[in-house]
Structures are given as C-alpha cells and as structure tokens.
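The structure appears below as structure tokens.
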C-alpha cells in the first residue's frame, strides 16, 4: 500500500519522473542561493528578480513562441540587466539598493505585461506566472540540470568571500577587493536559478522553491553548511511530496510543491530546534527530550 | 402631452435615420471572430464588422481596452454569442454600447452541458452555425430594414454553402473507421462536433483554459489513452502545447495538427473563415485518425 502511494506513480509515469528530477535539480541549485539570500537579509530579492525576468521571457516568447532557449535567454538578460542597473543606481546615488531594485523590477514587470498584451492577442500570462512542471521535455531537463551544476560550481568557487560578506562585509572589504565581483556573480546565480525554475514552476513559484527551504532550514541549525544541506533536503522533500499530492489529490502540481514547502516551514516555525515557538515556550522539557 | 411629443419625435427620427443609413454602412460590433465572419457573409457591403477578440485571440482571457469601448460606442448593432465564452466581455459590451441594439446570436440553440456551465462552442456543429446565421440575418434586418432583400439573399447563399460544408464533413468522418473516431485534445471545445458527427473528444483540461491540470489529470489521460488505444492527441491554438507533447510521447498516441475551436486565424493562417476552420479541422482529424 505505501508502495502504491509513494513509489508506483513515479514508476508508472515518465512525466512524474521528469517532474521529480526537475524539482530535485532545482532544489539542489536554488536552495543554497536561498540560504545566502536569507543570511544577507535579501529574502525579498528573489521575488523582485522573478518579476524582473518576466519582460525578457515575454520578448523571447513573442520572437519565438514557447521556445525554451529564447525565453530563457530573454529572462536571463532582463534579470541581469535589472540587477546591474539597480546596483549601479545604488552605488552612484543616495538611493539604497533595495529601493533601486524595487524601482527597477516594478518598471520591468509593467514592461513585461505591456509587451505580452501589445500584440493584440492576449497570451495566457499564467504560463509565465505558473509554468508547467508536468510538461517538461528533455531539453528543459538538461537546461535545469545544467543550471544547477553551474550554480553549484560557481558557488563553490566564490564560497569563502561570499560567506565572509554575509557575516562581516566590513572585514571582507578591509582584506580583499573581491566583494564587488563576488556580489555580481552571486546576483547572476540568483537570476540563473530563477530562469531555470521558471520553466518548471513559473516566475512566481520558482522563488518559493528558492526561499522557503532556506527559512525552514534556519529553524534547525545555526551552522551555514548544515543549513544548506537541510535546505536542499527540504526542497527535495517538497518536490517529492508536492508531486504526490498533485497525483493523489488532483491539485495543480506547481502550487502543490510550494504548499508542501510552506507546510514544512510552518511545522519548523512551531517545532524547530533553533528558535521554534514551542522550543522558546518550553525550553527545558525539550532539552531533556 | 409630453409622451405624444416623444413618440412623434421618435417616429420622425426613424424616418430620417433609415435613408441616412441606407447609404452608409452600418457598424456592427461582435465579440468573437467567428461571429464576425457570419456577420460579414450575411451583411456583405452594407455592414462594417469589428470583432473585439482578434484573430488567434483567446476569448477566455480577453481584457477590454478603451479603444474597444470606442468601437462599441460607434456600433449600431452588437452581436454576442451568449453561451458563456465571452464571460465578463458580454457585460462590458452591454455597458459600453451607446444606442446599439444588443442581440444574442445563439438564441434557439440548446446548449450542451459541461459540468454546471453550458458549452459555448456551439458552432462546432454546422447545424448550429446555420441557427447563428439565421439569427444574425434577422438582427441585421431589424437594424437596417432597407437592406432586407440583400441580407436575405446573402444569408440564403451562405446557408447553402453551410449545407454543402455539412455534407462534406459527414462524408469525411465516415471515411474514418468507427473504432478510431476518438482523440484527446487540450481544450474541451468539441462537444457539439463530437455529438453531431460521432467523434469522441477527450480533454485533459476543464471547460476553461484557465484550469491547470494536476498530475492526477495527466496520469488519468495517459492511462486512458493506453487502455482505450486512442490513436491521436491534438494541440489547440490557445493552450500550452508542452503538456500535450509529453502526453503523446508517453502514451504512444500520434500528435495531430492544430484544431481551431473558438478563434479564427488571420488571413495567412489555415482558418481565416468559419468554413475554412471546419474544413481544416476535418482534414486534420482524417489525417490523424484514418488508418
């Protein structure tokens, strides 16, 4: 019986296997990015970037239809452009980075909606906002896996300065000039992972698989390496159980994945070992347990 | 006293208005491209037809613009489908109409049910299309009585062409073996076609393109295609083709061409008119389902 519920859907249907592989790859790439974003208090940055990607993807769509590479490259360019522009404005003027980023992504989003509705026909925005994790072809899987691989490699390369900038940016600046290029590379990774996730989950929900596992992991450990491992595990669990939920309960797959991640987050808020609500209320009993 | 003056004024206005419009074309606004095609065929030179949802547009997700409101304000006659495809667009058209008469073209058609709603794609049966044409003819005559003979002649001519079309459709479907007359399509839009010509259309989506299919829906469709040996799946011009391709690969069904249901294409596409659309759909069906 548990076999029928937990395993046979993936054995029987190729599309379930593909969806699972895609979500696992996304979790592997995006969850570590989410942890860093959270530690740098840039949790809403992912959301902003996801909106910023929309006009690029829309241009790609208008040029080539539902074409994987046109939409991905368009989204990548738009995302990087917004990230760099926001950074440049923040550096050159009095405006703080969060404000200039908000300005850029709002304009970018409005531009995206304008482009989508400009051709007279109303292309279904839902494809951009929610994606379709059940309709993944081989090329999309390869793209998502490649992005995860690249993302992990670059993350390993810039790991030390990146962590240092999380905990003590002043110290990093005093010993090295790596701060700015590392920051830009990291922004690039954020955009890259969102572009990967947007094929499967759409621009909005891709952020969910990036951020929610990070927040969940925060309730279980203070160690950054353990936190990243925990976030990847949470993302993978959300993908697996979300797909099962969609399969058995008949809810839409993308939202189901994020809802499972949300449920894991909520459980961690209540029961988490590090700063969870119950732990704060009854510290002793739990320490004895 | 005042009422008498009003009545006299109204009569006078009618007398003045009719000759004026006999020379000018009358403006007709319709919601959907298929209705526009019907109205152009019946109205001929005497009407100017604008369609709010353009070629290839998706009526389910149409958003009215101020330019559309202007088109409506200029219209003397507004023709709606009335079976629910327009959604809030119908309300918008009624609200934006200044002094136009609003006519429902689907009057007299008994809609098929799709869950709790009625299925709006009635023209997928040619018999229903003839009802639409008759309703539009009557509405045009009411709006422009001077054109009565022209409208009647145009409509009679067009109805003859629809009769020929219907015979053609029936003959083509008859060429497909009965056990192969079943297929899967993204959009539940062919209920009338299926009922009229005995082809079994199975859809993974609900009645609206807004519903996102769950893993359970997709799994059921694949299982069903495998179990019933359904020969083909069809893409439609308004929904996500990626999902269909996945289902086709996994189930072994053949991918048919595009079937058009509620939006005509522009002049360069394969379905610029209603008759072209039906011919195109039937040709695709015969190609994919025939041996």
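The values are calculated or read from the model by the stated rules, or taken from the named source; none is laboratory data. Computed from a predicted model, the values in this text were never measured in an experiment. Neighbour counts are summed over all protein chains in view; Cβ atoms, including those assigned to glycine, are modelled from backbone coordinates with ideal geometry.
Do the conditions hold for residue B:204, that is, is it in a loop (DSSP other than H, G, I, E, B), buried (at least 23 other Cβ atoms within 10 Å of the Cβ), within 14 Å of chain A (Cβ to nearest Cβ) and modelled with pLDDT under 90?
For residue B:204, the condition - in a loop (DSSP other than H, G, I, E, B), buried (at least 23 other Cβ atoms within 10 Å of the Cβ), within 14 Å of chain A (Cβ to nearest Cβ) and modelled with pLDDT under 90 - is met.
Evaluate the stretch B:121-134: report whether one residue or more is over 28 Å from residue B:64 (Cβ atoms), over 17 Å from the mean Cα position of the chain (by Cα) and in a helix (DSSP H, G or I).
Start the filter on the stretch B:121-134 by keeping residues that are over 28 Å from residue B:64 (Cβ atoms), which leaves B:125-127, B:130, B:134.
Keeping just the survivors that are over 17 Å from the mean Cα position of the chain (by Cα) gives none.
Checked against the condition, which is being over 28 Å from residue B:64 (Cβ atoms), over 17 Å from the mean Cα position of the chain (by Cα) and in a helix (DSSP H, G or I), the stretch B:121-134 yields no hits at all.
Check whether at least one residue in the stretch B:281-291 is out of contact with any helix residue (DSSP H, G or I) (no Cβ under 6 Å at 6 or more places or on another chain), at pLDDT below 80 and surrounded by fewer than 20 Cβ atoms within 10 Å (Cβ to Cβ), and report yes or no. Outline the logic, then answer.
Initial filter on the stretch B:281-291 (out of contact with any helix residue (DSSP H, G or I) (no Cβ under 6 Å at 6 or more places or on another chain)): B:281, B:283-285, B:287-288, B:290-291.
Still in the running and at pLDDT below 80: B:291.
Those still in the list that are surrounded by fewer than 20 Cβ atoms within 10 Å (Cβ to Cβ) too: B:291.
Yes, there is a match, as at least one residue in the stretch B:281-291 is out of contact with any helix residue (DSSP H, G or I) (no Cβ under 6 Å at 6 or more places or on another chain), at pLDDT below 80 and surrounded by fewer than 20 Cβ atoms within 10 Å (Cβ to Cβ).
Can you find a residue in the stretch A:234-244 that is assigned to a helix (DSSP H, G or I), free of Cβ contacts under 8 Å to residues at least 40 places away in the same chain and in contact with a helix residue (DSSP H, G or I) (Cβ under 9 Å, 6 or more places away or on another chain)?
Restricting attention to the stretch A:234-244, the residues satisfying the condition of being assigned to a helix (DSSP H, G or I) are A:234-244.
Right, trim to free of Cβ contacts under 8 Å to residues at least 40 places away in the same chain and you get A:237, A:241.
In the following step, the residues that additionally are in contact with a helix residue (DSSP H, G or I) (Cβ under 9 Å, 6 or more places away or on another chain) were identified as A:237, A:241.
So far as the stretch A:234-244 goes, yes, one or more of its residues are assigned to a helix (DSSP H, G or I), free of Cβ contacts under 8 Å to residues at least 40 places away in the same chain and in contact with a helix residue (DSSP H, G or I) (Cβ under 9 Å, 6 or more places away or on another chain).
Quick one: which of A:259, A:205 is at pLDDT 90 or above and within 14 Å of chain B (Cβ to nearest Cβ)? It would help to see each step written out before you state the result.
Working: A:205 fails: at pLDDT 90 or above.
The conditions single out A:259.
Which of the following residues is surrounded by fewer than 17 Cβ atoms within 10 Å (Cβ to Cβ) and either away from chain B (no Cβ under 14 Å) or at pLDDT below 95 (or both): A:228, A:277? Explain how you work it out, then say what you get.
Details: A:228 fails: surrounded by fewer than 17 Cβ atoms within 10 Å (Cβ to Cβ).
Within the list A:228, A:277, the selection yields A:277.
If residue B:38 passes every condition in (1) away from chain A (no Cβ under 14 Å); (2) under 22 Å from residue B:128 (Cα atoms); (3) free of Cβ contacts under 8 Å to residues at least 40 places away in the same chain but one, which one does it miss?
(3)
List pairs: first in the stretch A:1-21 and within 8 Å of chain B (Cβ to nearest Cβ) and over 18 Å from residue B:247 (Cα atoms), second modelled with pLDDT of 90 or more and surrounded by fewer than 19 Cβ atoms within 10 Å (Cβ to Cβ), Cβ under 9 Å, 6+ apart or cross-chain?
No pair meets every condition.
Could you tell me whether any residue of the stretch B:248-256 is at pLDDT 80 or above, closer than 28 Å to residue B:32 by Cβ and away from chain A (no Cβ under 14 Å)?
yes
Six or more apart or on different chains, Cβ atoms under 7 Å: show the pairs whose first residue is in the stretch B:217-229 and more than 10 Å from chain A (Cβ to nearest Cβ) and surrounded by 22 or more Cβ atoms within 10 Å (Cβ to Cβ) and whose second is at pLDDT 80 or above and part of a helix (DSSP H, G or I).
Qualifying pairs under 7 Å: B:221/B:247; B:225/B:251.
Considering the stretch A:74-84 alone, what residues qualify as being surrounded by fewer than 20 Cβ atoms within 10 Å (Cβ to Cβ) and either modelled with pLDDT of 90 or more or in a loop (DSSP other than H, G, I, E, B) (or both)? Walk me through it before giving the result.
Going through the stretch A:74-84, the residues surrounded by fewer than 20 Cβ atoms within 10 Å (Cβ to Cβ) turn out to be A:77, A:81, A:84.
Listed by number, the residues that qualify are A:77, A:81.
Given the options A:38, A:42, A:16, A:71, name the one that is modelled with pLDDT under 90, surrounded by 17 or more Cβ atoms within 10 Å (Cβ to Cβ) and assigned to a helix (DSSP H, G or I).
Details: A:38 fails: modelled with pLDDT under 90; A:42 fails: assigned to a helix (DSSP H, G or I); A:16 fails: modelled with pLDDT under 90.
The conditions single out A:71.
Of the conditions (1) within 13 Å of another protein chain (Cβ to nearest Cβ); (2) at pLDDT 85 or above, residue B:196 satisfies every one except a single condition; which number is it?
Residue B:196 satisfies every listed condition except (1).
Table: residues versus (1) surrounded by 16 or more Cβ atoms within 10 Å (Cβ to Cβ); (2) modelled with pLDDT under 85; (3) over 17 Å from residue A:202 (Cβ atoms); (4) within 14 Å of chain B (Cβ to nearest Cβ).
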position: A:110; (1), (2), (3), (4): no, no, yes, no
position: A:120; (1), (2), (3), (4): no, yes, yes, yes
position: A:131; (1), (2), (3), (4): yes, yes, no, yes
position: A:163; (1), (2), (3), (4): no, no, yes, no
position: A:172; (1), (2), (3), (4): yes, yes, yes, no
